[in-house]
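The values are calculated or read from the model by the stated rules, or taken from the named source; none is laboratory data. These numbers come from a predicted model, not from an experiment. Cβ placement follows ideal geometry from the backbone for every residue including glycine, while neighbour counts extend to all protein chains displayed.
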Amino acid sequence: MKTRAAVAWEAKKPLTIETVELDGPKHGEVLVEIMATGVCHTDAYTLDGLDSEGLFPAILGHEGAGIVREIGAGVTSVKVGDHVIPLYTPECRQCKTCLSQRSNLCTSIRATQGKGVMPDGTSRFHCEPAKPQGNQIFHYMGCSTFSNFTVLPEIAVAKVREDAPFDKICYIGCGVTTGIGAVIYTAKVWPGANVVVFGLGGIGLNVIQGARMVGADKIIGVDINPAKQEMAKKFGMTHFVNPTEVGTDKVVQAIVDLTGGGADFSFDCTGNVNVMRQALECCHRGWGESIIIGVAEAGKEIATRPFQLVTGRVWRGSAFGGARGRTDVPKIVDWYMEGKINIDDLITHTMPLEKINDAFDLMHAGKSIRSVVVF
Ligand code: NAD
Ligand code: AHE
Ligand code: ZN
């Protein structure tokens, strides 16, 4: 079939809207009509050529919601008409990691996903006529939600309730689950804890709302863009630190003072390795835990004095909020529908696919929290 998609032909160039060829679902795969997709900073990071796994040409996008339109042979867990959220972290329930119950990082298709192809090693997307480099277009994070139709393995879709609006729940496909999940599944923040969130964007604000949900005491937001303050307060931030005002080298001390000795939990939602160091070092001696959510540019490394760890601080990471996609995502959709979490206010912009480059411009200008493309 043919589908409309925004194609990233090369790094640092705007996406172009194309009609591309899409092969039907093979064994264990489903064809999904994407109804809406969010634009996450990770899409921008890959488009900017900063992803060590970045491949071009590709159809980016990993924060979608849609409807199953066709199923391949052997598919049993979803049927035509089901509403689904694509999962860049699948849940096969059979690999060593899934069976361990110790991590959400299902390994069953991770290798091919990172190479931009389906589990059989081929892409379902092609361009006609072929370009000099061939006619294959790569998948992205196993999702490629910047296409009106996409093909996914059945283990990489979460079936969700049918009364939930696509243009809101698409955000659960990454940002909402990543932020709230990092608080409840990865860090297991306790009521009364002091929490610090570095980076008050589409992820950080969900960390803030997760921290409020679990009854955190102080929720301190740190951002170089003061315009992010207002929304952060609305979602539960109690104190704000602007590194540009207090001085970058004084951020740690400012947080230690505010918390009476250091944070119980901190979260990096910037992807900046210098900020990651601050996030660790503002944690309380003996037990403070810092969770890295931000994705750093290829080649960047984190550093601290080992003494920081010897004296009890813990450095941890979180992918997709530690959520098990097929199990936890439908529950998070329920939380939204029951009014337990706020998604609507974080979606500051919606646009048609033709305007998708505006979503990247708004993000880089610090003017949006989440932009959602509606097909
Ligand atoms: P965003 O652009 O919406 O927000 C980033 C925020 O960080 C902005 O408000 C910006 O002003 C702030 N910031 C930038 N530099 C800063 C600094 N030096 N100090 C303080 N604040 C600073 O991005 P997002 O969509 O919220 O994504 C945030 C990060 O999380 C990205 O690195 C993204 O790739 C990553 N991410 C990771 C996961 C995961 O599963 N681990 C999932 C989604 C996104
Ligand atoms: N391709 C990058 C890694 C990027 C990364 O860490 N991605 C996160 C999700 S970001 C969603 O917005 C993730 O899930 N990581 C676990 C995994 O298996 O990729 C690189 O550095 O090569
Ligand atoms: Zn994302």
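Only one of the numbered conditions (1) more than 18 Å from Ile343 (Cβ to Cβ); (2) under 20 Å from the mean Cα position of the chain (by Cα); (3) assigned to a loop (DSSP other than H, G, I, E, B) is violated by Gly202, and that is (1).
Within the stretch 166-187, being touching a His at 6+ places or on another chain (Cβ under 9 Å), within 22 Å of Gly81 (Cα to Cα) and buried (at least 22 other Cβ atoms within 10 Å of the Cβ) holds for Ile169, Gly173. In the set Lys159, Lys168, Lys131, only one residue is assigned by TED's automatic domain parsing to the domain that holds Leu31, under 18 Å from the mean Cα position of the chain (by Cα) and among the basic types (Lys, Arg); that residue is Lys168. Annotation note: of Lys218, Lys233, Lys250, the sole residue that is in contact (Cβ under 8 Å) with a residue 40 or more places away in the chain, more than 10 Å from ligand 1 (Cβ to nearest atom) and more than 20 Å from the chain's Cα centre (by Cα) is Lys218. Name the residues in the stretch 115-165 that are among the basic types (Lys, Arg), loosely packed, with under 15 Cβ neighbours inside 10 Å and in a loop (DSSP other than H, G, I, E, B), would you? Once the filter is applied, which keeps residues that are among the basic types (Lys, Arg), loosely packed, with under 15 Cβ neighbours inside 10 Å and in a loop (DSSP other than H, G, I, E, B), the stretch 115-165 yields Lys115, Arg161. So which residues in the stretch 166-176 are touching an Asp or Glu at 6+ places or on another chain (Cβ under 7 Å) and part of a helix (DSSP H, G or I), if there are any at all? Within the stretch 166-176, Lys168, Cys170, Tyr171, Gly173, Gly175 qualify.
Against the conditions (1) touching a residue at least 60 places away in the same chain (Cβ under 8 Å); (2) crowded, with 18+ Cβ neighbours inside 10 Å; (3) among the polar types (S, T, N, Q), Thr238 satisfies every one except (1). Restricted to the stretch 212-249, and to residues there that are of a type in the set (S, T, N, Q), out of contact with any Pro (no Cβ under 9 Å at 6 or more places or on another chain) and part of a loop (DSSP other than H, G, I, E, B), the residue that is farthest from Ala182 (Cα to Cα) is Asn225. In the stretch 319-343, the residue that is farthest from ligand 2 (Cβ to nearest atom) out of those that are in contact with a Phe, Trp or Tyr (Cβ under 8 Å, 6 or more places away or on another chain) and of a type outside the set (Val, Ile, Thr) is Asn342. Can you give me the number of residues within the stretch 38-91 that are outside any loop (DSSP other than H, G, I, E, B), touching a His at 6+ places or on another chain (Cβ under 9 Å) and within 19 Å of Met118 (Cβ to Cβ)? Of the residues in the stretch 38-91, 4 are outside any loop (DSSP other than H, G, I, E, B), touching a His at 6+ places or on another chain (Cβ under 9 Å) and within 19 Å of Met118 (Cβ to Cβ). Just a yes or no: is a residue in the stretch 156-168 without any contact (Cβ under 8 Å) to a residue 12 or more places away in the chain, away from ligand 3 (no atom under 15 Å from the Cβ) and touching a strand residue (DSSP E or B) at 6+ places or on another chain (Cβ under 9 Å)? Scanning the stretch 156-168, I find at least one residue that is without any contact (Cβ under 8 Å) to a residue 12 or more places away in the chain, away from ligand 3 (no atom under 15 Å from the Cβ) and touching a strand residue (DSSP E or B) at 6+ places or on another chain (Cβ under 9 Å), so the answer is yes.
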